[in-house]
Amino acid sequence: MKDTLILAIESSCDETAAAVVKNGRTVLSNVISSQIELHKLYGGVVPEIASRKHIEKINQVIQEALDEAEVTLDDIDAIGVTYGPGLVGALLVGVAEAKAIAYARKLPLVGVHHIEGHVSANYIENPDLEPPFLCLIVSGGHTHLVVVKDYGEFEILGRTRDDAAGEAFDKVARAIGLGYPGGPKIDKLSNEGNPDAILFPRAKVDGGMYDFSFSGLKSAVLNYLNKCRMTGEKIVEADVAASFQKAVTDVLVGNAIHAAKELKMDKLALAGGVASNQHLRQAMEEACRKENIRLYRPSPIFCTDNAAMIGVAAYYEYMKGTRHGWDLNAVPNLRLGER
């Protein structure tokens, strides 16, 4: 049977990425051009700068991905591209590029939901993983607990009512004075701190058993820092970072394990940028071991934005017969499960 090769493009935020994926599970290449150093100057992603950088880099990144996979466009069966959610200008660069290649080469075009991509990252290193399973998606813009019923088919059990977990990490990191990107810096600093030094709140959401809320926790950290500064009390930054991180992790792990037990599911996966957080990974491992749940989590390189995960998602959409026309557009607020 002939192999199916997908050329995938991802440009939803501040990474310009391209990959070649074979048969939905084998990554032949995964090229990422990150803009983190550029956006550090501004303390966060500047959409206009991100879009311009994507335009500069996208052709080069695609060529690198083809070269690394040792294939040409003649070998490609379909083009997969992230079309939402994300920054509209950044998404448009990837979508326009994908449409141009697909049109010129008469190839099928498959638009991919960015979060579906994150979930699909778990298939890359786990050949035995197949739906149904439970997935906790934790990133800068999203915190979702979903049942993956089939490839590309989701039932949302819970979502954040306010800030996403990654957003809370960035805001707290800024308040402590760590700068951008906040998640990895808090993760690292937490190793030197006492996670039980300060008791920060764990929010329970009325009427949403599996929903999350992190804005009260973020406010509690800011209030604690302000109080210390006003009273001249010494701030131990590592303790603040570790205690905050433990509060986030406790809620994420607690909701996911509760759902797995209630639904009698023995497979749980992590997805999204925050899934690369070492403390979250360790806490989830321990909890899953106790409850006899099989835990899946991508390597950190497949947790953060990359095109390999988009190629995997695009393959399963392609096999289901999903095709997009030349009217495919960027949808910055695309919801999970929407087409």
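Tell me whether the range 255-265 contains one or more residues that are assigned to a helix (DSSP H, G or I), touching a Phe, Trp or Tyr at 6+ places or on another chain (Cβ under 6 Å) and crowded, with 16+ Cβ neighbours inside 10 Å.
Checked the range 255-265: at least one residue is assigned to a helix (DSSP H, G or I), touching a Phe, Trp or Tyr at 6+ places or on another chain (Cβ under 6 Å) and crowded, with 16+ Cβ neighbours inside 10 Å.
Of these, Val146, Val248, Val172, which one is of a type outside the set (Asp, Glu), closer than 30 Å to Lys264 by Cα and in a helix (DSSP H, G or I)? First the steps, then the outcome.
Values: Val146 fails: in a helix (DSSP H, G or I); Val172 fails: closer than 30 Å to Lys264 by Cα.
Exactly one residue qualifies, and that residue is Val248.
Spot the failing condition for Glu116; the list is (1) touching a helix residue (DSSP H, G or I) at 6+ places or on another chain (Cβ under 8 Å); (2) charged (D, E, K, R); (3) in a loop (DSSP other than H, G, I, E, B), and only one is missed.
(3)
Does Lys149 satisfy the criteria of being free of Cβ contacts under 8 Å to residues at least 60 places away in the same chain and within 27 Å of Thr249 (Cα to Cα)? Give the derivation first.
Working: free of Cβ contacts under 8 Å to residues at least 60 places away in the same chain: yes; within 27 Å of Thr249 (Cα to Cα): yes.
Taking the combined requirement at face value, the residue satisfies it.
Which residue pairs have Cβ atoms under 6 Å apart, sit 6 or more places apart or on different chains, and have a first residue in the range 230-258 that is closer than 22 Å to Leu134 by Cβ and a second that is of a type in the set (Gly, Ala, Ser) and assigned to a helix (DSSP H, G or I)?
From the range 230-258, the pairs are Val248/Ala165; Thr249/Ala283; Val253/Ala283; Val253/Ala287; Ile257/Ala287.
In the set Glu286, Glu338, which member is over 14 Å from the mean Cα position of the chain (by Cα), modelled with pLDDT under 95 and surrounded by fewer than 24 Cβ atoms within 10 Å (Cβ to Cβ)?
Glu338 is the lone residue from the list that is over 14 Å from the mean Cα position of the chain (by Cα), modelled with pLDDT under 95 and surrounded by fewer than 24 Cβ atoms within 10 Å (Cβ to Cβ).
Here's a check for you: in the range 267-283, which residue that is at pLDDT 95 or above and not in a helix (DSSP H, G or I) is surrounded by the most Cβ atoms within 10 Å (Cβ to Cβ)?
In this case the residue turns out to be Ala271.
What are the residue pairs meeting all of these: first residue in the range 52-80, first residue closer than 14 Å to Val21 by Cα and modelled with pLDDT of 95 or more, second residue of a type in the set (Asp, Glu) and assigned to a helix (DSSP H, G or I), Cβ atoms under 8 Å, and 6 or more apart or on different chains?
Short answer, once both residue conditions are applied: Ile62/Glu97; Gly80/Glu317.
Condition check: touching a residue at least 12 places away in the same chain (Cβ under 8 Å) and small (Gly, Ala, Ser). Does Gly311 satisfy that?
Details: touching a residue at least 12 places away in the same chain (Cβ under 8 Å): yes; small (Gly, Ala, Ser): yes.
Here the answer is yes, as Gly311 does meet what is asked.
Quick test for you: out of Glu10, Glu15, pick the one residue that is modelled with pLDDT under 95 and acidic (Asp, Glu). So that I can check it myself, show each step before the final result.
Working: Glu10 fails: modelled with pLDDT under 95.
Going through Glu10, Glu15 in turn, the sole match is Glu15.
Quick one: count up the residues across the range 300-319 that are modelled with pLDDT under 95 and not β-branched (Val, Ile, Thr). Before you say what the answer is, go through the steps one by one.
Taking the range 300-319 as the starting set, the residues that turn out to be modelled with pLDDT under 95 are 300-301, 303-305.
Going one step further and asking which of them are not β-branched (Val, Ile, Thr), we end up with 300, 303, 305.
Number satisfying all stated conditions: 3.
Residues in the range 184-204: is at least one modelled with pLDDT under 95 and assigned to a strand (DSSP E or B)?
Looking for residues that are modelled with pLDDT under 95 and assigned to a strand (DSSP E or B), one finds none in the range 184-204, hence no.
Given (1) acidic (Asp, Glu); (2) in contact (Cβ under 8 Å) with a residue 12 or more places away in the chain; (3) more than 25 Å from Ile124 (Cα to Cα), where does Asp305 come up short, assuming only one miss?
(3)
If I ask for residues that are within 24 Å of Arg281 (Cβ to Cβ) and either within 25 Å of the chain's Cα centre (by Cα) or surrounded by fewer than 14 Cβ atoms within 10 Å (Cβ to Cβ) (or both), which ones from the range 210-239 would you list?
To start, the set of residues in the range 210-239 that are within 24 Å of Arg281 (Cβ to Cβ) comprises 210-214, 217-218, 221, 237-239.
Hits for the range 210-239 are Tyr210, Asp211, Phe212, Ser213, Phe214, Leu217, Lys218, Val221.
Considering only residues that are part of a loop (DSSP other than H, G, I, E, B) and surrounded by fewer than 18 Cβ atoms within 10 Å (Cβ to Cβ), which ones fall in the range 295-330? First the steps, then the outcome.
Applying the first criterion (part of a loop (DSSP other than H, G, I, E, B)) to the range 295-330 yields 297-299, 304-307, 321-330.
Within the range 295-330, Ser299, Gly321, Arg323, Gly325, Trp326, Asp327, Asn329 meet the criteria.
Can you name every residue in the range 114-156 that is aliphatic (A, V, I, L, M) and surrounded by fewer than 20 Cβ atoms within 10 Å (Cβ to Cβ)?
Just the residues of the range 114-156 that are aliphatic (A, V, I, L, M), to begin with: 115, 119, 121, 124, 129, 134, 136-138, 145-148, 156.
Residues satisfying the conditions are Leu129, Val147, Ile156.
I'd like the full set of residues that are buried (at least 24 other Cβ atoms within 10 Å of the Cβ) and touching a strand residue (DSSP E or B) at 6+ places or on another chain (Cβ under 6 Å), limited to the range 161-186.
Ala165
Return the residues of the range 234-253 that are among the small types (Gly, Ala, Ser) and either more than 20 Å from Gly158 (Cα to Cα) or modelled with pLDDT under 95 (or both); say none if nothing qualifies.
First, the residues of the range 234-253 that are among the small types (Gly, Ala, Ser): 238, 241-243, 247.
Answer for the range 234-253, where residues must be among the small types (Gly, Ala, Ser) and either more than 20 Å from Gly158 (Cα to Cα) or modelled with pLDDT under 95 (or both): Ala238, Ala241, Ala242, Ser243.
The values are calculated or read from the model by the stated rules, or taken from the named source; none is laboratory data. Small disclaimer: the values here were computed from a predicted structure and weren't measured. As a convention, Cβ positions derive from the backbone with ideal geometry for all residues, glycine included, and neighbour counts pool all protein chains shown.
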